[in-house]
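The values are calculated or read from the model by the stated rules, or taken from the named source; none is laboratory data. It should be emphasised that the depicted structure is a prediction, and the values quoted were computed from it without experimental measurement. Please note: Cβ atoms are built from the backbone with ideal geometry, for glycine as well, and neighbour counts cover all protein chains shown.
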């Protein structure tokens, strides 16, 4: 559990592309994002209040979150100077970088001296149990993709936000470092030991009110040979009541796998549903989320209409069209 | 890679049930099993030559293998006395125990002092790559089960042995601690970090001669909600040319999951084949292995005949009937 709210550290990020984590926090948990702090030469700007470390503290910030990717895979001296000072002043620090904060002697020493916590959210900190498959109360929705990086996290976030707006009970459950930093908690599933993956997902989505929905962040794809085992653990450990199919229509091949074509939405529906029924016989596919970022408005609308006609399921790009219809379908379950 | 041959340490095992690893080595790699060494009160006896540590060394043993489960989850002082002496004399030690050798200060000190190696085969020692899915030469056979512990390792071992007998090219590829200790190498797949599972299987089964078969040790089941992610990584990372379906017909429910019925062999065939085709479109289901240990001869034969009729695939219990027909089917691919 990372303490909120945050001051967002943008470092010397060359551009907005490097600031994915910070953008996610600003967009999805604006209350967590009190302000931004930047180094000279920073090319990213979230449009948040520019703050010094001291000003952040005065505004109530508890944790300095590294909201950008670092250059060259090292934590530079210029970064370290700010991070050490933050620990001295009383901040915790949270990071999803591959380089771990805990591998930096200066940061470890400063955190110990000042009684602060370093959160490396890529590293599991819990001894997760073996999954039991025992039915849980409450409802769970899992986004599954024809490929990696097709908008599964965005879809779950958007559906959770729509439910909140309607006053329904829901929680976004993060399974990757970006989601964990945005919400302050979760399971870094791709770093969990194989035998405990499904148990980690059960741990993440416990019994809940009967009318509460967990939106579980998807990972990988059942059709992506590098990561399908992680996806499988989500399908079985997540015990979903509803599946949302996610797809990006303009992609030539599976991400990182030039020899592999994407499956059809029909194939994804059939395989995912069959597997999900093992842990929850009542699971349904309730909607389809299309990532239309590489299409114009007209093409995007036409594509969604065509898929909706063919598959007989509400089909939208939640970024472009909103998540209302996906949530309507869940509300009817 | 564990140096062979072995002296098998049986400790104070109460009975033969506790000596599963040692029995596996004796039965499948008799050339690796030079002799046995036992403590007072040991109730297990493999029928191998009784040896002191010194006699084992004279006979050529390189590694002392802990061939039994330990009592109460601790490595006792009586065990440690033998293990430390073995290291002093020049043995490496290999173990699949949950308690790690490397966590025992005395053993670590003795190994360092005498330049010997402690092999904890439950712990991965390789930084496995991310799976690429690139087609590999050679052929691979994977046993998949309706449940855990239905005879997948035995089936793969028996088919490998039958190919060896025929002078065909084959290798058993271990993915669990027992298999690794038996053969001296492998990947402890259930202990690998989620993102690298399929890559570890690719690493384990590299390019090979076109007429060479890898028999990959299966793990878990696609229908076992606790471990299905591990099985999925084997199906995709293993890139199998042939699948063997494994089943134990007398079981009431999935192992460790009282609320879950076993799937039918038809359901396993359909799901496994569909998923395996993602990484190898030419994969076939080539045979069925039935674990008939809880049936009499007549019932076992009748059950296999019935399944063979229904499924149209060679169906045997390789322990009872031999693996010849399963290998015949592969030889025809």
Review point. Somewhere in the stretch A:33-53, is a residue in a helix (DSSP H, G or I) and without any contact (Cβ under 8 Å) to a residue 40 or more places away in the chain?
Key: no
Check your understanding: When you go through B:89, B:97, B:107 one by one, which is the residue that is more than 17 Å from the chain's Cα centre (by Cα), more than 14 Å from chain A (Cβ to nearest Cβ) and surrounded by 18 or more Cβ atoms within 10 Å (Cβ to Cβ)?
Key -> B:107
Study note, to complete from the structure: Checked the stretch A:299-309 for anything closer than 14 Å to residue A:269 by Cβ and in contact (Cβ under 8 Å) with a residue 24 or more places away in the chain; matches are A:307
Check your understanding: Being touching a helix residue (DSSP H, G or I) at 6+ places or on another chain (Cβ under 9 Å) and under 23 Å from residue B:67 (Cα atoms), is that true of even one residue in the stretch B:123-130?
Key -> yes
Exercise for review: Working carefully through the options B:218, B:322, find the one that is assigned by the TED database to the domain that holds residue B:205 and buried (at least 16 other Cβ atoms within 10 Å of the Cβ).
Suggested key: B:218
Check your understanding: With (1) in a loop (DSSP other than H, G, I, E, B); (2) touching a helix residue (DSSP H, G or I) at 6+ places or on another chain (Cβ under 7 Å); (3) at the interface with another protein chain (Cβ under 9 Å from one of its Cβ atoms) as the list, and residue A:221 as the residue in question, which single condition is left unmet?
Key -> (3)
Study note, to complete from the structure: Sole miss for residue B:212 among (1) within 14 Å of chain A (Cβ to nearest Cβ); (2) out of contact with any helix residue (DSSP H, G or I) (no Cβ under 6 Å at 6 or more places or on another chain) is condition (1)
Exercise for review: Name the one entry in B:233, B:200 that is assigned to a helix (DSSP H, G or I) and more than 7 Å from chain A (Cβ to nearest Cβ).
Suggested key: B:200
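The rows are residues; the columns are (1) within 30 Å of residue A:261 (Cα to Cα); (2) within 14 Å of chain A (Cβ to nearest Cβ); (3) surrounded by 19 or more Cβ atoms within 10 Å (Cβ to Cβ).
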site	(1), (2), (3)
B:93	no, no, yes
B:103	no, no, no
B:119	no, no, yes
B:128	yes, yes, yes
B:136	yes, yes, no
B:148	no, yes, yes
B:164	no, no, no
B:167	no, no, no
Practice item. Filter the stretch A:176-197 down to residues that are out of contact with any strand residue (DSSP E or B) (no Cβ under 7 Å at 6 or more places or on another chain), closer than 13 Å to residue A:123 by Cα and within 14 Å of chain B (Cβ to nearest Cβ), then give me how many there are. Key: 7
Point to revise | Residues that are over 23 Å from the mean Cα position of the chain (by Cα) and in a loop (DSSP other than H, G, I, E, B), drawn from the stretch A:60-72 | key: A:60
Check your understanding: Do we have any residue at all in the stretch B:247-270 that's within 18 Å of the chain's Cα centre (by Cα), more than 11 Å from every other protein chain (Cβ to nearest Cβ) and assigned to a strand (DSSP E or B)?
Key -> yes
Check your understanding: For the stretch B:73-86, how many residues are within 24 Å of the chain's Cα centre (by Cα) and either in a helix (DSSP H, G or I) or assigned by the TED database to the domain that holds residue B:195 (or both)?
Key -> 1
Exercise for review: Could you tell me whether residue A:149 is modelled with pLDDT under 95 and farther than 27 Å from residue A:108 by Cα?
Suggested key: yes
**Study point:** Options A:44, A:33: the member that is in contact with a helix residue (DSSP H, G or I) (Cβ under 6 Å, 6 or more places away or on another chain) and closer than 14 Å to residue A:181 by Cβ
**Key:** A:33
Practice item. Keeping to the stretch B:124-152, report how many residues are more than 15 Å from the chain's Cα centre (by Cα) and closer than 23 Å to residue B:184 by Cβ. Key: 10
Check your understanding: Would the stretch A:291-298 turn up any residue that is outside any loop (DSSP other than H, G, I, E, B) and either within 14 Å of chain B (Cβ to nearest Cβ) or touching a residue at least 24 places away in the same chain (Cβ under 8 Å) (or both)?
Key -> no
